[in-house]
Structures are given as C-alpha cells and as structure tokens.
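Step one of this worksheet: look at the structure below.
The numbers here are math on the coordinates, done by the rules we state, and not lab data. In this text, all values refer to a predicted model and were calculated from it rather than measured experimentally. FYI the Cβ positions are ideal-geometry reconstructions off the backbone, even for glycines, and counts take in every protein chain you see.
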C-alpha cells in the first residue's frame, strides 16, 4: 500500500516546541524602558552622599543646545560613566556648572531639580525601547 | 543536524517577527500619551517635592516632527525646519561650520552601502567630536564593523543612545550596490 504523506509547511513542524520557545523568549526579553531615550543616570557618588541620583535628559537639553556645547566646549566625554564629576567642580563653573550658575540656568543650590532620581538606580544611559544596543542601563 | 537547527532558527525568527509586528507595533499617531510623565517613568522619584517644576517630555516633544523610534522625534527635521533653534556655542570663539561632504562606505557585506553625510552631523557637532579619537581623518584608515557599532563604538557612540537607534538600518544603509549615483568621495 502506498503511504500517503501529507505536505506540511516547515513552519508548522514542531509547533508546540516553537510556541514554548517563543514564550520563553518573551519572558527573557528586556522589559520596556519607560524613561526617555537618552536619559542619563549619574549615581557614582549621589546616593553615597545621601542625595537622590541625578537624571540628565538629553531631549530637554538638545532642544536648547547642540551636542557640541557640552561635548566640546564644556568637555563632557561622549561616553556614559566616563565623566568623573564632583559637586565642587559644578560650583566652580565646570561641567553642569558652566550653565547651571543662576545666569543661564538654575544654580547648584537647587538640589532637587537635578538630584531627582529613584533610589538604587545604576549609572548609565537609557537606550530606549527600540534598541537592545549600547544604551542599555 | 546543523541544517535542522538553522531551519528551526529561521522558523522561530519568522514567528517572532510576526508576533512583534502584530503585538509590538509602534503607535501610529503620536498622542501626548506616548511620553510618560516624569513621575511615572521609573527613573524620576515621584516623591521629589521639586518634580513638578521639571518639564514633562510630552509638552516639548509632541509638537516636534514625529518619528518611529528613540524619542519619537525626528531631530534632524526639527532642526532643519526650524522647530528648534539650539545654540552651537557658549563662547563666540568656538568655530562651527557645516561641512557638505558625503563619504561612501562600500564594504557593508550584503547590506546596501552607507552614504555618510557630514552635513547632518556638523549641524550638531564639530570636527573634534569624532576626529580623530573615534574616526581618523584619513579615508579607510578606521576599520570597524556592525559588531563594534552594536557595542557602542564608532557610530554606536551616539546611534543607539541619543541619535536614531540601530534598528533603523535603512537610514544609514541607503545606497543600493547597483546605484550609479556615486557620492562625492569614497571612504
């Protein structure tokens, strides 16, 4: 007797296993980040000094200043965690203090406006919801 | 056996693609609700008494040219069409000139070639941001690949963190190999 072999598209072969794998991958996928793309957390010293971590928003600043201002004139390296910033530097007019001096933007005595992050955050930059690339926090 | 694994991988990838386009599609319209208020963004502390003084992203970003990734803003268009007018310097001595020079990267494997426009980059940056720490001035002197970029090196310094993310392949890989419209200069 001739055996009848039903054609099955490869996508349907081992379907239960595939579905299980898909479910596992979904679980393993990073949860969507709700913060804004390009937000930076500074927490190397903040919490150790009893302050909230600093949240820097690229979106807010790039509306007002081009990248060059902070990344050339002020001297911020274009690499999250590569900038070693002390509060004393800011008060001396360096780093954030180049603008946050009560002339261009609010001054360093307005602690809560910059030290606004949740406790326990790790320093780094948010890559956003559509990339698993270098920006992972 | 190897072929079987490869087939299986392709099948799973296909299912994942379908699932992602079905369930994970980007919102088409950019209603203000896309950008979460700072108090709900899992980054800012809602108990911070000064939080209400900070601008929420929806207020600033919803009026700018929209995009399907990153901040959901096409920053290039925002600048080009004068939606925003950011300053290029604090000191008048800082020289910042827009350079109108494209560089073709032909060694891109099976992907379309990359036509790098200096113009869009020098609208935001000056030469020293990229040269020579990240890229040598000399054409073809800097060897890098997509893996480096995905690791946050070279183009990945900004693309994937502040400039449009690495999921937007075609924005860089935009010159078909058959194209006769050769850009100004080969890299």
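Using 0.36 nm per residue and subtracting the Cα-Cα separation, the extra length available between residue B:90 and residue B:167 on full extension is 24.3 nm.
To the nearest whole number, what is the average tally of beta carbon atoms from other chains within 10 Å of the beta carbons of peptide A:72-79? Don't skip to the answer; put the middle values down first.
On the way: counts 9, 8, 1, 0, 0, 2, 9, 4.
Neighbouring Cβ atoms belonging to other protein chains average 4 per residue here.
The mean number of partner chain beta-carbon atoms within 10 angstrom of a residue's beta-carbon across peptide A:54-61 is 5.
Shielding value for A:117-126 is 3, the average number of Cβ atoms from other chains within 10 Å of each residue's Cβ.
The residue B:80 and residue A:8 beta-carbon pair, evaluated with R₀ = 41 Å, returns a calculated FRET efficiency of approximately 0.20. Can you divide the C-alpha Rg of the stretch A:48-90 by 2.2 N^0.38 Å and report the result to two decimal places? This ratio for the stretch A:48-90 stands at 1.30. Compute the Cα gyration tensor for the stretch B:86-132, then decide on rounded, prolate or oblate, letting a ≥ b ≥ c be the square roots of its eigenvalues: rounded whenever a/c is under 1.5, prolate when a/b is larger than b/c in the other cases, and oblate in all that remain. It comes out prolate by the Cα gyration axes.
With a cut-off of 8 Å between alpha carbons and a minimum separation of six or more residues, what is the relative contact order of the stretch B:93-187 in percent? For the stretch B:93-187, the relative contact order is 39 percent.
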